[in-house]
Every structure is written in structure tokens, then in C-alpha cells.
Amino acid sequence: MTDYAIVAQGLQRSFGDTKAVDGVDLTVAAGEIYGFLGPNGAGKSTTVRMLCTLLKPTGGSARVAGHDVTHDPETVRLRIGVALQDAALDDKQTGREILRLQGRLYGLRKLEIDQRVAALAELVDLGDALDQRIGTYSGGMKRRLDLAAALVHNPQVLFLDEPTTGLDPISRAKVWEEVRRLNEVLGMTIFLTTQYLEEADQLAHRVGIIDHGRLVAEGTPTELKRKVGEDLVVLETDEAELAAEAIRRIRSLGSAAVDVQGDEVVVRTQDGAAAISPVAVALARKKIGVRSLTVRTPTLDDVFLQLTGTRLDDEGADA
Amino acid sequence: MTAAVDIERLAGSHIRARHAGFWADLWSVAGRAVRRLPREPETILPALIVPVFFYIVNVGALGPVAEQASGLDFKAFQLPVAIIFAVTGLSQANALVTDIQTGYFDRLLLTPIKRLALLLGLMVADFVLVVTLTLPVILLGFVTGVRFETGVIGILAFILMAAAWGLCFTGFPYAIALKTGNPGAVASSFILFFPFAFLTTSFMPLEFLSGWLSTVAKVNPVTYLLAGLRALVMEGWAWAPIGKGLLAVAVVGTVSLSMALAALRGRVRRG
């Protein structure tokens, strides 16, 4: 029997008449990295806040580390570590003071705190900065300290809410590396929300896609991409509807799906290389100008497009 | 890179989180707040300068006239006023709002901390601060010749009574901070200081006040607090004014702390 770290059933949260999370069912196995992907306002952070006991669900239920978030929030808090968006820290304290305070609040003894702070300080590679006030830290340093603060008490389940939003590529890669190691070496279950497709693709064993408060798809990145098709032929043109119509009439493409998204036409087919030539010919016959014509394998963004009708990249930043 | 080695050190850890308990939580929150005090001198300096300024100006400008009219030792009469100016309105409410706005308050709520410790821990730091701020004012009183009729024990009682008032008054800014999470609203709570501190016997004894000011002063708890503090300085262990002073502190404390606790419950209710 699978040991689940997180189980949500029909999880709901309304704010007045607005349903921010509308019946989310999900399971996360122990030791898994679960990527929760969605655009701004999709309900990612609200879901995390419910799973972390900061917010009460208005419907459904959820168990984290074996305990109900509504009826036993205090035990859930002992089992989880959380790094929320925007690295919530106190600029007037030093990094070491923050870590030690975290340790005390989780009931650790002085010797235990000493051990954990020493190990975590090197893990997040803050060096001498650990004894400087947090107000002097860069964004990347704050994120790494925030991660260390979430790990002080050796949690079973780690929640990371958009851990790399606003970070430069080098800092982002560093956080990814740390997340992977935590999962591989410690076997820690990690629930990660992100609006970055690449982040979900690179890190997550399984991905859940949320849109307008509903979980619209779930699976491994490979499984999700397979749902879109084997290959994608993508072309950009000012006459997207005309181009789509011309492509739909190509008999050799058989049942290939053709979608229009703005000035982009996406053809999902089993063999992209074989499709590109008849597509180019059909467009040339209709005298449709094309800015670019490419063949590529599907990304999670294509999955998102297929499921929601919009591209995640177009949705703006920060949930 | 050292991470590979150190994550294995973490892997070997058998540390498990547990409830620290209310007193440990209280101590942790208070420790953080006390540590922050000297790091924000800009919030403490006005509280140090304002009472000293008022004491010197009031005694210098009004002293000769007041002493001639009332026969009072005006320096001793003004010392409790300076103390009230020093301890009223000082709190960690601004820091609390900053925590709410930055999300650090949520980080604390994610820990198994006892929720009451989040407020009372800050008030412990406030107590440390107000007691500290009474010392230079009392020293100034000594320098200008004020002597306590109640001796050393009276000085301690004087400090504790003033500190208790300061602590009770913090309930108002904390209630506003927790209810609104808005720094502007917390800053405006300072307005409460004025009616409490000026519509009372700050400058003259009650019998010298007339008209509406006399009426307002009679219902202002600070009037009774000042009478109690003045008794400790000028009269000795006069239990009637001291008791009324303590009662006034208790009434204000009951109102303000009830408001603060209600606001805390609302803030941590999990929406």
C-alpha cells in the first residue's frame, strides 16, 4: 500500500462568493516531489495555505503527514516545513538568530539547535553572512535562509511556495539543486508550487496543473506531455485562422489536432517531420505568409494550452 | 561544494519537532523583541527625549507660579507626568505590523507556538523598555532635588505602577495592529495619548481645574494614576490614592487587553 504524505479530497476554499479552490483532489506519495503548476490566481497559494494549516478549508478535507489539517493542525505543524513566497524573514535579526529562534519554537534543545544550525548553515552556503543582519542579504540569500529555516526541525513534508520567483538564473539553479538533494538524500516529500514550467519539468516527479481553482490534470511530466501528442508543428502567422483551416484540409495529416492561439497555430501529430512538408506546401498554395515554422516535442506549456486554452507564459507573474 | 557532505549530516539527524510549551514560547518571542530594541534606536530616542524636555520646560516655566499659587513642590508634582509621558504609547506594535506585512507573522503561525505568546512575548519586551525608560527620568528628578517620601521601596513601586500603566496602554496599538495590519493605523493610535495625558492634572491639581476640563479630568484614569504616583513621591504610603491609581490602571488594562486579545483571536483564526 502506498504511503501518502498528502491526501486532499474535494478541498475547497471560498472568499465570499469567489471560489479560490474548487474541489481539489490530490495525493502525494511519501518521498515524492510534487509540482503544483498554475498561473497567477489559479489557487496554488490558497491550496498550500490550507495544507499548511494557515487557512481553514471551507469544504472537503486534507491530511498531511497522516494528520487532518482541520481537526489536528497542531500536529501537522510539527511535521511540516514551509517556505512561503517572498522569503518571510525579519531584517533586524541575523540569519543565525532566525534559525535558532525557529529551533526553539519547535522545541529543540540547545545542543540540537547547535547541530542543526551548523549543518544547515553550510547546506545553504551563507558563510559569514549568517551572523549579519538579514537586511543586508540579497534576494537569493534570503531564499536560501528561508529554506534553512523551514528545515530546522527536520520536517517530513516540505512546502515550497514559488521558491524561485524573482531569483536570477544562478540562484534559481542553486535552489533546484538543494531541493533535489533534500529529496534524494533525506527522502523528504516536497510539495512545490510554481508558475515556471521548466521548474516543474526539471524538479517534479509528478505535476498537478491547477486552473481557476480546479485541478485540470495530474501525472508525471512525461505522461502529461504524451497526452498532447508525440510532436508539435508550430507556426506563427498574421492569418492564423486561415492557416489552421488550410492545415485541417491536409488529408495526409489524418486526425492531427489543429489549435489556434493568438497568431500561433499548433498542429499535434504523431510524426512532426513528416507533417512539416505538407503544411508548408498547403500554406504556400494559399499564399499565407509565415514568420516561423518549427517542429518540437511538447512542453508542459503545451499541456497547459491544451487543457485551459491559454499559455501559462502569457498569464503574468506571481500567484 | 560542501552541500553534499552536510546534507548527509542532516540525514543522520534524529531530531523531531515537539511543542516547546507556553513559557518557552513566551521567552523566545520576548527574546527576539528585546534583541531588536537597541537595533531600532530611532523608536526609543523620542520616548527618552520628550519626557525630559517636558519636565524641564514645565518645571522651568510653570514651577515658580504653580508653587506660589498652590504651595506644591512642583518638581515632585511633575515627576509622575514625565514618567507617564515616557511610558505611554510605547510598544512593539509597529514591529508587529511589519511582521504581518512581510509574512513573518505567518511563519511564526506555521510553527507550533502557543498563539497567546505571540502577543504576550512582545509585551514582556515592552515591560523591559518602559522600566528602562523610567530610570533616566527618575535620575533627572533626583538631580533636580526630588525625594521620595516612600523611600527605596516607594521608588520600585513608582516604577512598577508606571510600567503597568505603560503595558496596559499597549493593548490599544496592539489591537489596532492585529486588527488592521496597517502601519498608518498603528501610527495614528498615538492620538489616544493626548486626551489621556493632557486632559488631566498634568499641570495643576484637580482642585485648580475648572469647567469642562475638570469634568473630563475626573473621568480620566490618568488623573487617578497621577494621584497615586504623586502620593508615592510626595505623601508616603497613602493607600487611598495609590489604590485608586492601581484600579485606574486595571480598568484601562482590562479594556485595552480585551481588545488586543480579541484582535489576536481574529488574526490567528485561519480565515
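All of the numbers you see were taken from the coordinates with simple rules; none came from a lab. Just so it is clear, the model here is predicted, and its values are computed rather than measured. As a convention, Cβ positions derive from the backbone with ideal geometry for all residues, glycine included, and neighbour counts pool all protein chains shown.
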Seminar exercise, completed: Per the rule of 0.36 nm per residue minus the C-alpha distance, extending A:ARG109 to A:THR294 adds in nm 60.6 nm
For this session: Could you order peptides A:107-118, B:119-130 by the average number of other Cβ atoms within 10 Å of their residues, highest first?
Result: B:119-130, A:107-118
Exercise. Summing -39500 (n - 2.57) over the DSSP H runs of n ≥ 4 in the protein assembly as shown and dividing by its residue number, what mean residue ellipticity at 222 nm do you reach, to the nearest 500 deg cm²/dmol?
Worked result: -17000 deg cm²/dmol
For this session: Choose one of B:VAL152, B:VAL124, B:VAL50: the residue whose Cα lies farthest towards the positive end of the charge dipole of chain B (beta-carbon charges +1 Lys, Arg; -1 Asp, Glu; about the Cα centre).
Result: B:VAL124
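What percent antiparallel are the DSSP beta bridges of the protein assembly as shown, to the nearest 5? Mind showing how you got there, number by number?
Numbers: 38 of 56 bridges.
In the protein assembly as shown, DSSP labels about 70 percent of beta bridges as antiparallel.
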For this session: Round to the nearest 0.05 the FRET efficiency obtained for A:GLU241 and A:HIS212 when R0 = 30 Å and r is the Cβ-Cβ distance.
Result: 0.70
Seminar exercise, completed: Given Cβ charges of +1 for Lys and Arg and -1 for Asp and Glu, the option among A:VAL265, A:PRO278, A:VAL233 whose Cα lies farthest towards the positive end of the dipole of the stretch A:230-297 is A:PRO278
Seminar exercise, completed: Note: the stretch B:133-271 at 37 °C, 0.692 mPa s; Kirkwood Rh on alpha carbon pairs; Stokes-Einstein D in µm²/s works out to 199
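Let's test the formula: R0 of 22 Å, r as the Cβ-Cβ distance of A:THR70 and A:ASP17. What FRET efficiency results, to the nearest 0.05?
Values: r = 22 Å, r/R0 = 1.01.
Calculated transfer efficiency: 0.50.
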For this session: May I ask you to derive the relative contact order of chain B, considering only C-alpha pairs under 8 Å and at least 6 residues apart, and to give it as an integer percent?
Result: 23
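Please report Rg over Rh for the stretch A:58-215, where both radii come from the alpha carbon positions and Rh follows the Kirkwood definition.
Rounded to two decimals, Rg/Rh equals 0.97.
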For this session: Could you run the Debye sum over the Cα atoms of the stretch A:230-297, one equal point scatterer each and no solvent, and tell me log10 of I(q)/I(0) at q = 0.15, 0.20, 0.25 Å⁻¹, two decimals?
Result: -0.36, -0.67, -1.11
Exercise. Hey, got the dipole for the protein assembly as shown? About the Cα centre, +1 on K and R Cβ, -1 on D and E Cβ, debye to the nearest 20?
Worked result: 1440
Exercise. Can you give the angle from 0 to 90° between the axis of helix A:169-186 and the longest principal axis of chain A, with both taken from C-alpha atoms, to the nearest 10?
Worked result: 70
For this session: Quickly work out the B:THR102-to-A:THR58 label distance, labels modelled 7 Å from Cα along the C-beta direction, and quote it in nm with one decimal.
Result: 3.2
Problem set entry | Pairwise label distance in nanometres, B:GLU40 with A:ILE250, each label 7 Å out on the Cα-Cβ vector | 6.5
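Please compute the average number of Cβ atoms from other chains found within 10 Å of each residue's Cβ in peptide A:177-190. Provide the component values of the computation, followed by the final result.
Values: counts 3, 2, 0, 0, 7, 4, 0, 1, 7, 6, 1, 2, 0, 0.
Shielding by partners across A:177-190 averages 2.
Ranked highest first by average number of other Cβ atoms within 10 Å, how do A:158-169, B:68-79 line up? Kindly include the intermediate steps, with their values, before the conclusion.
Details: A:158-169: 20.8, B:68-79: 18.6.
Listed from highest to lowest mean packing, they are A:158-169, B:68-79.
Measure up B:LYS218/B:LYS244; A:LYS19/B:LYS114; A:LYS142/B:LYS114; A:LYS56/B:LYS179; A:LYS56/B:LYS114 against 22 Å on the Cα-Cα distance and list the ones that go over.
Too far apart for the 22 Å limit: A:LYS19/B:LYS114; A:LYS142/B:LYS114.
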Seminar exercise, completed: Going fewest to most other Cβ atoms within 10 Å around each Cβ, B:TRP212, B:TRP27 line up as B:TRP212, B:TRP27
Problem set entry | Spin-label model distance (nm) - A:GLN270 vs A:ASP168, 7 Å beyond Cα toward Cβ | 4.9
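At 18 Å minimum axial length over the Cα atoms and a Kyte-Doolittle cut of -1.0, report the qualifying DSSP H helices in chain B, or say none. Could the numbers behind the result be given before it?
Details: long enough: B:22-36 (21 Å, 0.03); B:41-70 (40 Å, 1.16); B:74-87 (20 Å, 1.86); B:115-143 (44 Å, 2.31); B:151-169 (27 Å, 2.33); B:239-268 (41 Å, 1.26).
The qualifying helices are B:22-36, B:41-70, B:74-87, B:115-143, B:151-169, B:239-268.
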For this session: Sort A:VAL28, A:VAL295 so that the residue with the fewest other Cβ atoms within 10 Å of its own Cβ comes first and the one with the most comes last.
Result: A:VAL295, A:VAL28
Problem set entry | Size descriptor, Kirkwood hydrodynamic radius, that averages inverse alpha-carbon separations across the protein assembly as shown, Å | 27.9
Exercise. Averaged over peptide A:114-123, how many Cβ atoms belonging to another chain are found within 10 Å of each residue's Cβ?
Worked result: 4
Problem set entry | For B:29-42, mean number of other protein chain Cβ atoms within 10 Å | 2
